[in-house]
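The values are calculated or read from the model by the stated rules, or taken from the named source; none is laboratory data. Quick caveat: nothing in here was measured; it's all calculated off a predicted structure. Cβ atoms come from the backbone with ideal geometry, glycine included; neighbour counts cover every protein chain shown.
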Amino acid sequence: MIEDYLSEELWRAVAPLLPGKASDPGCSGRDNRLFLEAVFWILRTGSAWRDLPPQFGKWYTAYTRYHRWDRKGVWPRVVVALSQNGAYDFQYDDDDGLRLASSIDARMRELSQSGDEARESATLGQTIFPLSPATATAIGTG
């Protein structure tokens, strides 16, 4: 049995950001949550796409959809939503794309969120998760 990553709280945070909702024009995604679980499984295990367990569907379909979402700028929004809800396991940058955050990076973010640095950063108007100008524009914060 493969453990799910997305809790109900995390799912509610990211679901509105994903393409393929019933309210979106065009095709709707069959199961965005299952797809996210597949991507997170790949990242957490370091496995190749071809090794994706069958319960997640066809590996090539997931692989293709992952890259389409990357071109649409979906992944930076997902990472921001997850981090705003306390999940610091993933990072996105323009050079490497979506990746598993190192345990040191994740722990430093957690500490800065809970400590004085977070309050000081908010006072100064700085962000704890700096984004490149291209990423900021893609997610609508720049």
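Name the residues in the stretch 66-90 that are touching a residue at least 60 places away in the same chain (Cβ under 8 Å) and charged (D, E, K, R), would you?
The answer is 77, 89.
Test residue 57 against the stated conditions and say whether it is in contact with an Asp or Glu (Cβ under 9 Å, 6 or more places away or on another chain), within 16 Å of residue 2 (Cβ to Cβ) and modelled with pLDDT under 95.
yes
If I filter the stretch 12-31 down to residues being surrounded by 15 or more Cβ atoms within 10 Å (Cβ to Cβ) and of a type outside the set (A, V, I, L, M, F, W, C), which single residue comes out as modelled with the lowest pLDDT?
Ranking the qualifying residues of the stretch 12-31, first place goes to 29.
Counting only residues that are at pLDDT below 95 and not hydroxyl-bearing (Ser, Thr, Tyr), which one in the stretch 43-53 is nearest to the chain's Cα centre (by Cα)?
43
Among the residues of the stretch 75-103, what is the count of those that are farther than 19 Å from residue 8 by Cβ and part of a loop (DSSP other than H, G, I, E, B)?
Looking only at that region, the number is 5.
Considering only residues of the stretch 48-65 that are in a helix (DSSP H, G or I) and in contact (Cβ under 8 Å) with a residue 12 or more places away in the chain, which is surrounded by the fewest Cβ atoms within 10 Å (Cβ to Cβ)?
55
Which residue, of 141, 137, is at pLDDT below 90 and in a loop (DSSP other than H, G, I, E, B)?
Testing whether each residue is at pLDDT below 90 and in a loop (DSSP other than H, G, I, E, B) leaves just 141.
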